[in-house]
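Asker: This structure is in structure tokens; I'll ask about it shortly.
The values are calculated or read from the model by the stated rules, or taken from the named source; none is laboratory data. Here the structure is a predicted model, which means the values were calculated and not measured. Because the Cβ atoms are built from the backbone with ideal geometry, glycine has one as well, and the counts that use them run over all protein chains shown.
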Amino acid sequence: MAAAGPDLYESLQIRYPPSPARTPALGSPLAASRWTLGTVLAVGTGVILVLGAALAVLITLHVQGQAELWAAQAELAAVRAPLLPDPNGPWSPSESPAAVQRQKEQLGRWLQGLSLGWRYHRGKIYYFSGEQKPWGDAEATCRSTHSHLTSVTSPEEQDYLAQETRGKSYWIGLAATGPGGSWRWVDGAPYSQAQSFWAPGQPDSTDYGRWGGENCAQIHPVGNGLWNNHNCNFSFPWICKRDLSRP
């Protein structure tokens, strides 16, 4: 009898289908649940990062705002001190209770102004608008808040405003409204050509036809915030200024 060959079942390879528990079919509830969990984790991580960044910004703004308030309070306390009455001496008109009350009300208005977006700097508060208006309308808006378009009376103040405007154009309170078109500050500060910060070649005399010439000044991106004269009827953001030493 011939030798028996290899058993058929010894050479037969049986391939079992993958276990459903190990490899879920596409579209199965288990696969869908795993995809959903991964998506939720990714979205959740993104939300946490965004909230963390927002919290950091809020903390920074809070600390900056507190510093501005403390500085304003210290400045105004120094201004208010001369109005306090001498308990051992007679009352004078400037030391009357009414004067002290007016000073308290003034302090309250200034601090309220800071909470509404004004920025404190060396005894003054400034408002950098987020909208745009012609020069005359911008000045009217400043007057409605007991302020004026800002004057610039020192290199230090010029540097501060140039830094805060961050390379954008803002109306300031300088206009050619004097005799012969001479430049004047709208808040009454004295104007001096020697103490001005015009960009090279400014002020010039561009004519806009029926709109007139360039009789209003703005802080301009050229030269890191140097001044440019422009037509007053064009709309730009503006800067208001209030002096804390004045009522």
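Asker: Take the residues of segment 111-144 that are more than 17 Å from the chain's Cα centre (by Cα) and assigned to a loop (DSSP other than H, G, I, E, B): which is surrounded by the most Cβ atoms within 10 Å (Cβ to Cβ)?
Answerer: Pro134
Asker: Still on this structure, I have one more. Within segment 163-196, how many residues are more than 25 Å from Arg119 (Cβ to Cβ) and assigned to a loop (DSSP other than H, G, I, E, B)?
Answerer: Residues in segment 163-196 being more than 25 Å from Arg119 (Cβ to Cβ) and assigned to a loop (DSSP other than H, G, I, E, B): 4 in total.
Asker: If you scan segment 205-227, which residues turn out to be surrounded by 18 or more Cβ atoms within 10 Å (Cβ to Cβ), under 22 Å from the mean Cα position of the chain (by Cα) and not small (Gly, Ala, Ser)?
Answerer: Gln218, Ile219, His220, Trp227
Asker: Hey, can you tell me all the residues within segment 156-192 that are within 18 Å of Arg122 (Cβ to Cβ) and aliphatic (A, V, I, L, M)?
Answerer: Those that are within 18 Å of Arg122 (Cβ to Cβ) and aliphatic (A, V, I, L, M): Leu161, Ala162, Ile172, Ala189.
Asker: Just to be sure I understand the filter: pairs with C-beta atoms under 7 Å, separated by 6 or more residues or on different chains, first member in segment 197-213 and part of a helix (DSSP H, G or I), second member not aromatic (Phe, Trp, Tyr). Which pairs pass?
Answerer: Trp211/Asn231; Trp211/Asn233
Asker: If you check Arg242, Arg210, Arg184, which single one turns out to be of a type outside the set (Phe, Trp, Tyr), at pLDDT below 90 and assigned by TED's automatic domain parsing to the domain that holds Gln158?
Answerer: Arg210
Asker: Here's another thing I want to ask about it. If we scan segment 205-214, do we find a residue that is of a type in the set (Val, Ile, Thr), in contact with a Pro (Cβ under 9 Å, 6 or more places away or on another chain) and farther than 24 Å from Thr145 by Cβ?
Answerer: Step one: list which residues in segment 205-214 are of a type in the set (Val, Ile, Thr), which gives 206.
From the residues that got through so far, the ones that are in contact with a Pro (Cβ under 9 Å, 6 or more places away or on another chain) too are none.
Among the residues of segment 205-214, not one is of a type in the set (Val, Ile, Thr), in contact with a Pro (Cβ under 9 Å, 6 or more places away or on another chain) and farther than 24 Å from Thr145 by Cβ, which makes the answer no.
Asker: Something else now. Across segment 228-247, which residue is surrounded by the fewest Cβ atoms within 10 Å (Cβ to Cβ) among those that are under 18 Å from Glu139 (Cα atoms) and among the charged types (D, E, K, R)? Steps first, please.
Answerer: Residues of segment 228-247 that are under 18 Å from Glu139 (Cα atoms), as a first pass: 228-243.
So of that shortlist, the ones also among the charged types (D, E, K, R) come out as 241-243.
Details: Lys241: 23, Arg242: 21, Asp243: 14.
It comes out as Asp243.
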